[in-house]
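The values are calculated or read from the model by the stated rules, or taken from the named source; none is laboratory data. Model, not experiment: these values are computed from the prediction. All Cβ positions, glycine included, derive from the backbone under ideal geometry; neighbour counts span all protein chains shown. Ligands, DNA and RNA are excluded from the accessible area calculation, which covers all protein heavy atoms including side chains. Shrake-Rupley method; radii C 1.70, N 1.55, O 1.52, S 1.80 Å.
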Amino acid sequence: MPVPRARQPRRPLSWLAVGIAVVVALPILAIFWIAASGGDETWRHVIANVVPRATGRTISLLFFTGLVTALFGIVTAWLVTSFEYPGRRLLSAALVLPLAIPSYLAAYAFGEFLDFTGPVQTWYRQVFGYRTARDYSFPDIRSLGGAVLVLSSVLYPYVYLACRSMFMMQGRAAADVARTLGAGPLRVFLRVKIPMARPAIMIGLTLVMMEVLNDIGAVEFLGVNTLTFSIYDTWLNRGSLSGAAQIAAVMLLVVAILILVERAARRQQRFAGNRTTAMVNATARPALSGARAWLATVFCALPIAVGFLIPFLVLGRFALARVENFADPRLLDALWNSIAVSAAAALCAVSLGFILSYAARSEHSALATFAGRIASLGYGVPGTVLAIGVLIPLAGFDNALDGFLRANLGISTGLLLSGTGFAIVYACTVRFMTMAEGNLDAGFQKLSPHLDMAARALGRNRRQTLWSVLLPNMRPALLVAALFVFIETMKELSATILLRPFNFNTLATLVYEDASRAKIEDSSVAAIIIILAGLVPVMLVSRSLDRLR
């Protein structure tokens, strides 16, 4: 008698997760497809005239920005976790504030702050008696060095947050052993703390470099021709979509190299830490005194002043002088568009991210895990690259639908998806899916798996368990995930500027348009709204850090 085969478990959520992964991966596949169809002549032109110079600038910008962010991120994290000095508690929380300032807003603010008519050069002329710009030389903010200053000032918190958490987890045991062997504080920092924090440093630097690659507003304003700007210029100004896609393919290879380097650096770099040692570390910090204490205070206050206070005060002063602009129809229309697009992207990203996380939790399948990893690729794709990948499949669908309806019903649908705000929502959903899925996965991990089994034992089926048990407990994680995606979409510029329909502005594109016409003062009200919105998730991060002090 033949032995019946074991019935394979049904995994509907895993296959649904695979479908989500395909939707996320479609823009990336479209980029390589359009790049391959561009022809050898276009490729030769891109390789000979565009890629070498833009790649050189991009590598220089990545290197020097990484160097500066590593310096300030690592040292400030070490100071706030290892010593007591005046203002340490306040500085520890305030060091994350520059995350609320988008890089393009920081570039516009520094352009005004360091301009000939700005406060710095005005003071400089008054002190030394100069009258015109010909009488003295002053560093130009519109340069590679200016781009490094601007980007480093707002991106160092990525390194700071990663290193701060790692230093807190390390505790003081290893450092105390090093001191008993005669090592001083600086030697302990260089030989013990930094090697143990290498995985966190690499994570922070990888995030910094991905943000640098994603930036378009700051580098364009500051006159630095990176690969990102080359995509924008090749597509819109030169009318070559295939050339832009080929540059985008090169950028994807750069992103892939960054991810591989980061993972290789973290491999075999596992160090154990626990909450007990972290608490000991938090309650046994040696106090600095005299000049050392004030040097530590000044060093930690400097990046806050440069990365947050200067942009906020410059733009805030302009906004206060233009209070009437709050009722400007252009601003109100852009505000409504920003809210609508951000809410739609947050809803899509959280819904799809929840399916991915719940599939991994409930079905424990390799298929769901693999789908989750594929779906997380979007965050590593720069917005300009993603815009090209989103436009191709959406435009193809629009043209196919319009042709079918014209042929059969005589109806023209036009650009139903690619010519509306849907394209922006799709791009932001793909890009920020990782943010939503990560928060939701962390929320599920806080819920014991026995909770599901207990509900099932009490007679509830899978759907009832989800709606009456899991969702109420997941409400905080759902709200935080939605908030993070909402705010990031509101600040997003690189994909929005390429995908927006005609006469469609968000707050970010409104600021970009005014800055392009040298009317930064007129865009200050929209800029302040973006900054105030960005402060919300930053405050949540700062509040969570406060619990670890």
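Numbers at a glance
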{"read-out": "Whichever residue in the stretch 216-227 is in a helix (DSSP H, G or I) and either open to solvent by 20 Å² or more (accessible area, probe 1.4 Å) or of a type in the set (Asp, Glu) (or both) and, among such residues, is nearest to residue 58 (Cα to Cα)", "value": "220"}
{"read-out": "Flag if residue 17 is surrounded by fewer than 20 Cβ atoms within 10 Å (Cβ to Cβ), aliphatic (A, V, I, L, M) and at pLDDT below 90", "value": "no"}
{"read-out": "Checking residue 44 against (1) touching a helix residue (DSSP H, G or I) at 6+ places or on another chain (Cβ under 8 Å); (2) within 23 Å of residue 252 (Cα to Cα); (3) modelled with pLDDT under 90; (4) not in a loop (DSSP other than H, G, I, E, B), the condition it does not meet", "value": "(1)"}
{"read-out": "Selection within the stretch 248-296 - at pLDDT below 70 and of a type in the set (Phe, Trp, Tyr)", "value": "271"}
{"read-out": "Test for residue 102: is it open to solvent by 20 Å² or more (accessible area, probe 1.4 Å) and not aromatic (Phe, Trp, Tyr)", "value": "no"}
{"read-out": "Residue match in the stretch 456-471 (condition: within 19 Å of the chain's Cα centre (by Cα) and either open to solvent by 40 Å² or more (accessible area, probe 1.4 Å) or modelled with pLDDT of 75 or more (or both))", "value": "no"}
{"read-out": "Close pairs from the stretch 403-432: first without any contact (Cβ under 8 Å) to a residue 60 or more places away in the chain, partner open to solvent by 70 Å² or more (accessible area, probe 1.4 Å) and not hydrophobic (A, V, I, L, M, F, W, C), Cβ under 7 Å, at least 6 apart", "value": "412/406"}
{"read-out": "Residue pairs meeting the criteria (Cβ under 6 Å; at least 6 apart or on separate chains; first closer than 22 Å to residue 193 by Cβ and acidic (Asp, Glu), in the stretch 79-102; second in a helix (DSSP H, G or I) and open to solvent by less than 10 Å² (accessible area, probe 1.4 Å))", "value": "none"}
{"read-out": "In the stretch 192-201, the residues that are open to solvent by less than 40 Å² (accessible area, probe 1.4 Å) and either in a helix (DSSP H, G or I) or more than 19 Å from residue 168 (Cβ to Cβ) (or both)", "value": "192, 193, 195, 196, 199, 200, 201"}
{"read-out": "Residue within the stretch 331-341 that is closer than 21 Å to residue 487 by Cβ and acidic (Asp, Glu) present", "value": "yes"}
{"read-out": "Test: residue in the stretch 479-502 that is closer than 22 Å to residue 324 by Cα, small (Gly, Ala, Ser), in contact with an Asp or Glu (Cβ under 9 Å, 6 or more places away or on another chain) and surrounded by 21 or more Cβ atoms within 10 Å (Cβ to Cβ)", "value": "no"}
{"read-out": "Complete set of residues in the stretch 464-504 that are closer than 22 Å to residue 381 by Cβ, outside any loop (DSSP other than H, G, I, E, B) and not hydroxyl-bearing (Ser, Thr, Tyr)", "value": "481, 482, 484, 485, 486, 487, 488, 490, 491, 497, 498, 499"}
{"read-out": "Unique residue being under 26 Å from residue 304 (Cβ atoms) and either open to solvent by 40 Å² or more (accessible area, probe 1.4 Å) or modelled with pLDDT under 90 (or both) when the list is 140, 135, 176", "value": "140"}
{"read-out": "Pairs, first touching a residue at least 12 places away in the same chain (Cβ under 8 Å) in the stretch 353-368, second hydroxyl-bearing (Ser, Thr, Tyr) and open to solvent by less than 20 Å² (accessible area, probe 1.4 Å), C-beta under 8 Å, six or more apart", "value": "359/14; 359/365; 363/14; 365/14; 367/14; 368/14"}
{"read-out": "The stretch 125-152 residues that are within 16 Å of residue 217 (Cα to Cα), paired with ones that are among the acidic types (Asp, Glu) and in a loop (DSSP other than H, G, I, E, B) (beta carbon under 8 Å, 6 or more apart)", "value": "141/115; 146/140; 151/215"}
{"read-out": "Failed criterion for residue 308 (all others in (1) surrounded by fewer than 23 Cβ atoms within 10 Å (Cβ to Cβ); (2) touching a Pro at 6+ places or on another chain (Cβ under 7 Å) hold)", "value": "(1)"}
{"read-out": "Residue that is open to solvent by less than 10 Å² (accessible area, probe 1.4 Å), in contact (Cβ under 8 Å) with a residue 24 or more places away in the chain and either not polar (S, T, N, Q) or not in a helix (DSSP H, G or I) (or both), where the choices are 205, 213", "value": "213"}
{"read-out": "Subset of the stretch 331-354 that is polar (S, T, N, Q) and in contact with a Phe, Trp or Tyr (Cβ under 7 Å, 6 or more places away or on another chain) - its residue that is nearest to residue 504 (Cα to Cα)", "value": "337"}
{"read-out": "Among residues of the stretch 522-540, those that are more than 21 Å from residue 337 (Cα to Cα) and surrounded by 17 or more Cβ atoms within 10 Å (Cβ to Cβ), counted", "value": "1"}
{"read-out": "Any pair with Cβ under 6 angstrom, 6 or more apart, that starts in the stretch 54-70 at a residue that is more than 15 Å from residue 210 (Cα to Cα) and ends at one that is in a helix (DSSP H, G or I)", "value": "54/227; 54/230; 68/152"}
{"read-out": "Residues satisfying the stated conditions in the stretch 397-418, i.e. in contact with an Asp or Glu (Cβ under 7 Å, 6 or more places away or on another chain) and open to solvent by 20 Å² or more (accessible area, probe 1.4 Å)", "value": "412, 413, 414, 415, 416, 417"}
{"read-out": "Residue list for the stretch 333-388, restricted to those being surrounded by fewer than 20 Cβ atoms within 10 Å (Cβ to Cβ), touching a Gly at 6+ places or on another chain (Cβ under 9 Å) and in a loop (DSSP other than H, G, I, E, B)", "value": "none"}
{"read-out": "Residue in the stretch 52-72 that is within 18 Å of residue 293 (Cα to Cα) and either surrounded by 15 or more Cβ atoms within 10 Å (Cβ to Cβ) or under 20 Å from the mean Cα position of the chain (by Cα) (or both) present", "value": "yes"}
{"read-out": "Residue among 104, 85 that alone is among the aromatic types (Phe, Trp, Tyr) and farther than 19 Å from residue 156 by Cβ", "value": "85"}
